[in-house]
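This report concerns only the one structure given below.
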Amino acid sequence: MRISIYQLILLTIFTQIAFATTGKAQEVLDKKITFQARQETVNQVLTALGKLANVKFLYSSTIIQSDRRISVSADDQQLGALLDSLLAPLQLTYEVSGRQIVLSRAAGSGATKVTTITVSGHVVDEKGTGLPGVTVKVKGSSNGTTTDANGHFQLNVADGNATLVFSYVGYTNQEIALEGRTTLNVSLAASANSLNDVVVVGYGQQKKSSLTGAIAAISAKDIENAHGGATVSTALAGKIPGVTFRMSDGRPGASADINIRNMGNPLYVIDGIQQDAGQFNNISPNDIESITVLKDASAAIYGVRAANGVVVVTTKKGKLGAPNRFNVDAYTGWQNWTRFPKVTNAYEWQEAKVEADVNTTGVTTMTPDELAKWKKGTDAGYKSFDWYKFIVKPNAPLYSANLNTSGGSDKINYYVSGTYLKQYSVLGREFTFDRANFQSNIDAKVNKRLKLGMQLNGRLETRDQPGVPGTDDYWEARFAILRNTPMERPYANDNPNYPNNINHNTENWALQTKKLSGYWHSDWRVLQANVTGDYETPLKGLFLRGMFSYYYANQILNGHEYTYNVYTYDPTTQQYNISGGSSNPWRERTNEYVISPVTQVQLNYNRTFGKHTLGATALNERIERHHISNYTHAVPTNNELPLIFFSDMDTYTDVDAYENRIGYVGRVTYNYDNKYYFEASARRDASYKFDPSKRWGTFPSVSGGWRISQEPFFNNHVNAKAMSELKIRASYGTLGDDDIGLRDYAYLPGYYYGFLPQSAYTTDTYLSSVILGGQTVKGARNTGVPITRLSWFTSKILDLGADFSLLNDKLSGTIDYFNRKRTGLRGAKYDVLVPSELGYSLPDENVSSDQVRGGEVALSFRDTKNGFTYSIGGNFSYARQKFLDSYKPKFGSSLDHYFSSGEQRNSNLFWGYEAIGQFQSQDEINNYTINNDGQNNKTMLPGDIKYKDINKDGVIDNQDTRPIGYGTGKTPIMNFGINLSFAYKGFDLVANFSGGAMYSFNRNYEMRWPFQNGGALQKIFYDDHWHREDPFNPNSKWIAGKYPAMRFNDGGNSNYNKNSTFWLVNVKYLRCRTLELGYSLSKPLLERSRISRARIYVNAYNLFSIDNTHQYGVDAEIYDDNGLTYPQSKFVNVGVNLSF
């Protein structure tokens, strides 16, 4: 609360300062001016004075003869006195109206005074929302103004038939002839290709027209409709070419897997500071101004952590001169799982079990009469229970509300925002995710050279849920649906006061409540403060910038799993008897701190000399990170006390770690006549991870562009309306990566004390303790040979691209080809031998290499006809990894080479058997000459899977496998997106689609063999499988189906123990990510209120998916091969946008 109060005080002070000035004429004329001009035109002098005094000069160029040349010298002189001395010799006079100064010829000079007409109007976007800051100018003159915060403007013009030009960044310019009108309502259409848009790049900004790298950007407008959960990454699907996306987990607070060109985890930069994915995902989407993705060598300027691309996020700021504006964006919604595998009822389960028994042993213990009772399902002990309905609750709520205010004067601009989001799980109201965000961005002009800024970003992030045994509290719910049989029931005798003993009670969801099983609660408190200073030096074009950032994060986690009892009902005594429960209490607490100060000192130079524009940047960046963590585990003696006592404690882990990085950056840019562009940069980085001799690396890049459309020969042969823009570009650079799987300070000798961390082994492994002299002595182990010969992975990236604009700027697009070769990957030198008595082998070195190459294309079309505005956009990308070389590969034979070699082969191949059909009869099995099951086909039944004998040796074994799919658990190799928008008379419709292909889902475990773990039976196996006409008669007729005949939990059967094309799904999908219909209330409905904008909308996220996994009951972006991934949810939201 202290921070919030301080911010409110600052905001009050700044807004009072911002609006203290008035528009009185005398105040305008009293403004002090220091200015010099020698032999410049009247028009040039008036333009310069207008900027210095923050006024607009209105005049007719012909009447005042604005091309006359004059000289002016003023030193701290009042504007009024300066105008008097300047205009009198020119026989001109002036009048002041607000901040506008109207010029005319003096009386008796042979011309009359300029008569002005006041024109007013309202400028809106396609949705009818007022656009602030739109430039409104009289065509052919310097007379103009800008719209206010609500899109309104007022302008004095000298000619009632003048043409007004409306321009706004990101929108198509529009010219409107007045034709005597004094009131205008103008709707601007978003531009398909606005070359004047400013794009945030590494440590700076550039116009879109001058970009020479593969850089893509989206704005707040592109993500504002994505209400599909709690994190920013969910809004990126299908929006940016080259960004691969997979949302493999849909729990509250979950985020998507984001890659750039499938190169790996990218670096995130937020307001100039390098951060991790967690900080990126938990920014409030309402506070984001733009997201820029650096996909090629343009990322090299970020050095050691940028080899996989960079995502640059810029948060919103207020605008100088903009009035105070208050906005509300609030919505509420409901969530339901998209899909989850369906299971059978009790009768179907028992019938399939009869089949499995007869198929395996020829007999079953079930009788036809007993099976008939299960089919009837009404007798006691023969009722079916639906665990899905018991566990999954429909229409889980989601709430979000954002309040923000922004504005500015000529000295100060500000943006202050607060957001609260709460998301429930379909697993019940006790599984929740809460996040409160605060953002404050304030900039102040101290004087004409110095500007100071402060950015504060904070959040409180809470996850709260029952304390379910296991590492993932959300896991047991999904597992229970496929583990529990429909004969098992949650409560003994259906009495909710007595949880039933089902003999695997962790999956009894009746127990997994805070009251019975305990709690798990995590709070993250995060604050980041950036202080910036910008100084314009006396040397023209040279600017000095400094930034200090301080990041502080604290997590407090408390978990307590209770002991509890389960019961069995005795119908003879009508008693509930304790027959089991949990006797393994668990209490844990984590207290974690992350502190990261960052300093940046930057020198920027940019100046134009005629047709030559030269720019340069020099920067030093220092990044520190201090991680402190304490973990405590205890075995409590009761469920009531939350305290942890030493007598109960069995684990205490203490972490105190430092990270340090330093970088030096240099960049030079050159532009000739806005046609030829050149950029070169280099960064020299040092990382704490490596031995001092391997610590430093230099990462250079170079790029260039040629705007062919600016050439005379192009304009002489190509109609500008047909093709207005064509630019080709190329980039090449070297990037580094210090995330190579190396523990901190591995170059130093050391010891593991108490336990071996996950960085050393797959899981934490506790070392033995002994009692010596009555004292407990913890075990220790050395860390092995110091790793002094490992350094960066080095990536060299080539990108060739083109940007174009067609059909009078209505259609724009980009196309890119890229190739990244990465060297220095880890690998062992097997021919360097050490004695086995040493106890360990030599560490890896930088010896291997791989490659990612592919291409991408993006197209966008926008147009407006008769008030109907629409846009259609699409993008497609392909990025595939290939392993190139390892250290001196050797193989025993050509067959060994085929199966074992990765050299010059696509990475992430999925190997398996080719299923060539199913046995149609027992006679076919008896006469089949290939040993299909490894047991001379003794276990085979009609309907069982036949595999291809690739090497034709008569036996199906590992030598018959081949690549049959792509990597599982990976982002798609092919990604695509379709983005549509329509607007007409206050109504707007947005539809965004994304899709992927060339990745695999391997159906295994519960998704492959029936009755896995002795649990539930999936409905797809029951509905369509080979079975006998009479399940009790082993000699009855076989009926064909899709799936093999039933076995009971027989994972070793040849149908199930082989990865094959029968079970592998090479996924392809197209998903409707966002569908939103909105209506903006018209101005007449709002004019009596203080509301300047009101819009209501209905929004859906993940509404439907067209894919080839729906038949299996799983989402197309599923990760786990057992089908137990927490599915994505389908969201339906209603919301409102208000502006005051």
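The values are calculated or read from the model by the stated rules, or taken from the named source; none is laboratory data. The shown structure was predicted, so the numbers you read here are calculated from the model rather than taken from an experiment. Reconstructed Cβ throughout: ideal geometry from the backbone, glycine too, with neighbour counts over all protein chains shown.
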**Residue match in region 696-713 (condition: over 29 Å from Leu603 (Cα atoms) and without any contact (Cβ under 8 Å) to a residue 12 or more places away in the chain)** = yes
**Request:** Take Asp534 and decide whether it is among the charged types (D, E, K, R), surrounded by fewer than 16 Cβ atoms within 10 Å (Cβ to Cβ) and within 30 Å of Leu456 (Cα to Cα).
**Result:** no
**Complete:** Within region 413-433, the residues that are without any contact (Cβ under 8 Å) to a residue 60 or more places away in the chain and buried (at least 23 other Cβ atoms within 10 Å of the Cβ) are Leu427
**Asked** Any idea which residue in region 434-483 is farthest from the chain's Cα centre (by Cα), counting only those that are part of a helix (DSSP H, G or I) and surrounded by 19 or more Cβ atoms within 10 Å (Cβ to Cβ)?
**Response** Arg483
**Message:** For the condition at positive phi and either at pLDDT 95 or above or surrounded by fewer than 22 Cβ atoms within 10 Å (Cβ to Cβ) (or both), what is the one hit in Gly303, Gly321?
**Reply:** Gly321
**Message:** As an exercise: evaluate Tyr1119 against (1) touching a Gly at 6+ places or on another chain (Cβ under 6 Å); (2) modelled with pLDDT of 95 or more; (3) hydroxyl-bearing (Ser, Thr, Tyr) and give the number of the one condition it does not meet.
**Reply:** (2)
**Asked** Taking region 901-917 on its own, how many of its residues are surrounded by 13 or more Cβ atoms within 10 Å (Cβ to Cβ) and over 36 Å from the mean Cα position of the chain (by Cα)?
**Response** 4
**Fill in**
Of the residues in region 384-435, those that are of a type in the set (D, E, K, R) and under 30 Å from Asn54 (Cα atoms) come to Asp410, Lys411
**Message:** Among the listed residues Asp953, Asp944, Asp923, identify the single one that is loosely packed, with under 14 Cβ neighbours inside 10 Å and in contact with an Asp or Glu (Cβ under 9 Å, 6 or more places away or on another chain).
**Reply:** Asp953
**Asked** Out of the residues in region 214-271 that are closer than 24 Å to Val198 by Cβ and acidic (Asp, Glu), which is modelled with the highest pLDDT?
**Response** Asp271
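Keeping to region 824-852, report how many residues are closer than 12 Å to Ile740 by Cβ and assigned to a loop (DSSP other than H, G, I, E, B).
2
In the list Asn558, Asn591, Asn554, Asn606, which residue meets the criterion of being touching a strand residue (DSSP E or B) at 6+ places or on another chain (Cβ under 8 Å), more than 30 Å from Ser522 (Cβ to Cβ) and of a type outside the set (D, E, K, R)?
The unique qualifying residue is Asn606.
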**Message:** Out of Glu370, Glu348, I need the residue that is free of Cβ contacts under 8 Å to residues at least 60 places away in the same chain, surrounded by fewer than 20 Cβ atoms within 10 Å (Cβ to Cβ) and under 28 Å from Thr568 (Cα atoms). Which one?
**Reply:** Glu370
**Item:** Residue, farthest from the chain's Cα centre (by Cα), within region 484-508, restricted to residues that are modelled with pLDDT of 95 or more and part of a helix (DSSP H, G or I)
**Value:** Asn493
**Request:** Could you grab me the full set of residues in region 1092-1140 that are more than 30 Å from Gly130 (Cβ to Cβ) and in a strand (DSSP E or B)?
**Result:** Ser1105, Ile1106, Asp1107, Ser1129, Lys1130
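Looking at the structure I just gave you, is Ile283 assigned to a loop (DSSP other than H, G, I, E, B) and either surrounded by fewer than 24 Cβ atoms within 10 Å (Cβ to Cβ) or not basic (Lys, Arg) (or both)?
Working: assigned to a loop (DSSP other than H, G, I, E, B): yes; either surrounded by fewer than 24 Cβ atoms within 10 Å (Cβ to Cβ) or not basic (Lys, Arg) (or both): yes.
Yes; evaluated as a whole, the condition is true for this residue.
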**Complete:** Within region 766-798, of all residues that are assigned to a loop (DSSP other than H, G, I, E, B) and loosely packed, with under 11 Cβ neighbours inside 10 Å, the one modelled with the highest pLDDT is Gly773
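Suppose we keep only residues that are of a type outside the set (Gly, Ala, Ser) and modelled with pLDDT under 75 within region 90-115. Which one would you say is nearest to Tyr59 (Cα to Cα)?
Looking at residues that are of a type outside the set (Gly, Ala, Ser) and modelled with pLDDT under 75, I get Val114.
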**Message:** Take Tyr928 and tell me if it is aromatic (Phe, Trp, Tyr), under 24 Å from Ile1039 (Cα atoms) and touching a helix residue (DSSP H, G or I) at 6+ places or on another chain (Cβ under 9 Å).
**Reply:** no
**Asked** Got a number for residues in region 161-193 being touching a strand residue (DSSP E or B) at 6+ places or on another chain (Cβ under 8 Å), modelled with pLDDT of 85 or more and not in a strand (DSSP E or B)?
**Response** 5
**Message:** Suppose we filter Lys319, Lys353 for residues that are touching a residue at least 12 places away in the same chain (Cβ under 8 Å), part of a loop (DSSP other than H, G, I, E, B) and of a type in the set (D, E, K, R); which single one remains?
**Reply:** Lys319
**Prompt:** In this structure, is Asn503 surrounded by fewer than 18 Cβ atoms within 10 Å (Cβ to Cβ) and either touching a residue at least 40 places away in the same chain (Cβ under 8 Å) or not hydrophobic (A, V, I, L, M, F, W, C) (or both)?
**Reply:** yes
**Prompt:** Got a sec? Which strands (runs of 3 or more DSSP E) wholly within region 872-957 have at least 2 residues that are of a type in the set (A, V, I, L, M)?
**Reply:** 915-918
**Fill in**
Only one of Gly50, Gly140, Gly128 is assigned by TED's automatic domain parsing to the domain that holds Gln174 and within 30 Å of Lys317 (Cβ to Cβ), namely Gly128
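Among the residues of region 708-747 satisfying the criterion of being aromatic (Phe, Trp, Tyr) and more than 30 Å from Thr783 (Cα to Cα), which is surrounded by the most Cβ atoms within 10 Å (Cβ to Cβ)?
Restricting attention to region 708-747, the residues satisfying the condition of being aromatic (Phe, Trp, Tyr) are 713-714, 732, 745, 747.
Restricting the remaining residues to those that are more than 30 Å from Thr783 (Cα to Cα) gives 713-714, 732.
On the way: Phe713: 8, Phe714: 14, Tyr732: 18.
Of everything passing the filter in region 708-747, Tyr732 is surrounded by the most Cβ atoms within 10 Å (Cβ to Cβ).
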**Item:** Residues satisfying the stated conditions in region 41-65, i.e. farther than 20 Å from Glu27 by Cα, in contact with a strand residue (DSSP E or B) (Cβ under 8 Å, 6 or more places away or on another chain) and either in contact (Cβ under 8 Å) with a residue 12 or more places away in the chain or among the hydrophobic types (A, V, I, L, M, F, W, C) (or both)
**Value:** Thr41, Val42, Val45, Tyr59, Ile63, Ile64
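Looking at Asp1115, is it within 24 Å of the chain's Cα centre (by Cα) and surrounded by 22 or more Cβ atoms within 10 Å (Cβ to Cβ)?
Yes; evaluated as a whole, the condition is true for this residue.
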**Message:** Against the condition on the phi > 0 side of the Ramachandran plot, surrounded by fewer than 24 Cβ atoms within 10 Å (Cβ to Cβ) and either of a type in the set (Gly, Ala, Ser) or assigned to a loop (DSSP other than H, G, I, E, B) (or both), how does Gly253 come out, does it pass?
**Reply:** yes
**Request:** Filter region 62-77 down to residues that are loosely packed, with under 15 Cβ neighbours inside 10 Å and outside any strand (DSSP E or B) and give me whichever is nearest to the chain's Cα centre (by Cα).
**Result:** Asp67
